[in-house]
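I have placed the structure first, in the form of structure tokens, so that the comments after it can refer back to it.
The values are calculated or read from the model by the stated rules, or taken from the named source; none is laboratory data. For clarity, every value in this text was computed on a predicted model and none was experimentally measured. In this analysis, Cβ positions are derived from the backbone assuming ideal geometry, glycine residues included, and neighbour counts consider all displayed protein chains. Heavy atoms of the whole protein, side chains included, go into the accessibility calculation; ligands, DNA and RNA do not. Shrake-Rupley method; radii C 1.70, N 1.55, O 1.52, S 1.80 Å.
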Amino acid sequence: MRKLFYFITAAAIFSACSSAPEKKGNIKINGKLESSAGETVLLVDLNTQQQNIIDSAVIDENGEFVLAANTTEIGVYNVKISNSNFCMMIIDTSDQITLTGNAKDLGNTYKVKGSASTDLFM
């Protein structure tokens with residue numbers, strides 16, 4: 001019984017140490033994309049003359065990723081895999097978004113939950 005206790009404790013510690021740090025920001029995008037793994041996804045701020053990459057993430061083997069940023073006002077953003085494969089969203093300062101779609105054709109397959117402004121846009 002004691003060995004089982006030590007095993008469970010060691011597994012919990014290992015799990016806590018090996019997980020990626022949680023991204024922080026007042027806006028967050030939790031994504032799950034089909035037909036993807038290992039690709040990099042970018043969060044691009046389109047509210048200035050120059051497009052600024054404000055976060056990036058590598059899509060894991062399950063197609064999941066998290067993007068986060070701090071923003072002080074509503075704005076227009078792209079989530080993109082490449083210059084020709086992206087989706088556009090209008091994100092408010094406290095939006096907690098779930099993004100789904102197919103990574104091979106993001107612009108035509110994406111769905112967004114958690115952003116009323118993007119719902120109106122679409």
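A few points about this structure:
- For K24, a cut-off of 25 angstrom between C-alpha atoms picks up these lysines, skipping any fewer than 8 places away in its own chain: K32, K80, K111, K113.
- Cα-centred dipole magnitude for the stretch 49-111, charges only on beta-carbon of K, R (+1) and D, E (-1), debye, nearest 20: 240 debye
- Legend: Rg and Dmax of the stretch 32-114, from Cα coordinates, 12.0, 35 Å.
- Aspartates and glutamates whose Cα lies under 15 Å from that of K28, excluding same-chain neighbours fewer than 8 positions away: D45, D55, E64, E73, D92, D95
- Ranked order, E64, E34, E39 - accessible area, probe 1.4 Å, largest first: E34, E64, E39
- Here Q49 and K104 are evaluated by their C-beta separation; at R0 = 35 Å the FRET efficiency comes out at 0.70.
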